[in-house]
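Written out below as structure tokens is the structure these notes cover.
Just so it is clear, none of the values below were taken in a lab; they were calculated from the coordinates. Keep in mind the model is a prediction, meaning the values are calculated, not measured. With ideal geometry, Cβ positions are generated from the backbone for all residues, glycine too; neighbour counts draw on all protein chains shown.
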Amino acid sequence: MTGGGRLLDAGRTLLMGILNVTPDSFSDGGRFFDEPAARAQASRMVEEGAVIIDVGGESTRPGAPPVPLEEELRRVAPVVEWLAGTTRVAVSIDTRKAAVAGECLRLGARIVNNVAGFEDTELIEVARRHGASCIAMHMRGTPETMQTLAVYGDVAEEVKSYLAGRVAALRAVGIEDIAIDPGLGFAKTAEHNFTLLRRMPELAALGVPVLIGASRKRFLGALADMQPLENRRDGTVAAITAAVLGGARIIRAHDVAAARRAIAVAEAVLRA
């Protein structure tokens, strides 16, 4: 993962560990907000099989307010620099801000993960200038407004069309190592999310790696007894398995060891 060439199109399913250095994450409640805890969690995820660590300093849960630039940098920069300098994994910065992306790329990050689909031309230019790999996600509105915008005629077709446009925009400036993310839980109802998982082959047909982030998300709570966050691990594993069987090639997860096992089962089925 640390050599030349493409990071995101590796010919196999890649496992991305989620590292939230925020006090208000929906999934871990700020457990890794301080730097020592973040380092320990990153090391644990690497040991468990993550080949990418995705560092985020601004919560994008429904209703989350924006974080000032200086505060986001204070949260993520030391962790990115430490990861890039001491581990062999590829470091991804999950941000909506061009200035945050630029500083983290300077410190050794190699991937920019943008929930806003790289609609910001300044962010595209920062990624291009640093030779970064790019992950473009589908979302409507902002985390504060997105759940009021979850209205679609054909959710899979509309998400696919949007992401095809974002791939074209990135390629137009010379960026080639691109992945797409349909944005499960971002301006989507539970039904929309399950539809996107079922129609994963249509997204994969765009010809770039598809990233799926179903980990611990609220839509899983619509089923069985998974409303409490602590009960969503099994549902996450099932969603990961379905995604890989449908053609997803990057899995973004909190529980890296469980995700690695799910990927192994799905890939064994695909090889059989």
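Projected onto planes of every orientation and averaged, the convex hull of the alpha-carbon atoms in the stretch 65-137 covers 4.6 nm². Spatially, the stretch 244-272 and the stretch 123-171 are offset by 24 Å when compared through their Cα centroids. When shorter helices are ignored and each DSSP H run of at least 4 residues is given -39500 (n - 2.57), the per-residue value for the chain at 222 nm works out to -13000 deg cm²/dmol.
Net charge dipole, the chain: roughly 620 debye, given to the nearest 20, about the Cα centre with Cβ charges of +1 for Lys and Arg and -1 for Asp and Glu. Give, as ranges by residue number, the residues of the stretch 114-131 whose backbone N falls under 11 Å from the point 7 Å along Cα→Cβ of Val173. Counting backbone N atoms under 11 Å from the label point, the list is 118-131. Taken as entire DSSP H runs, the helices of the chain that both span 18 Å or more between Cα atoms along their own long axis and average 0.5 or more on the Kyte-Doolittle scale are 233-246, 256-271.
Counting every pair of alpha carbons in the stretch 143-185, the share spaced more than 12 Å apart comes to 67 percent. Put a dot 7 Å past the Cα of Glu47, heading toward its Cβ, do the same for Leu149, and the two dots end up 4.1 nm apart. Once both labels are positioned 7 Å from their Cα atoms along Cα-to-Cβ, the gap between Ala264 and Thr86 label points is 2.8 nm. Between Arg12 and Glu157, the modelled label-to-label distance comes to 3.8 nm, taking each label 7 Å out from Cα in the direction of the beta carbon.
A quarter of the convex hull surface defined by the alpha-carbon atoms of the stretch 14-271 gives 12.4 nm² as the mean projection.
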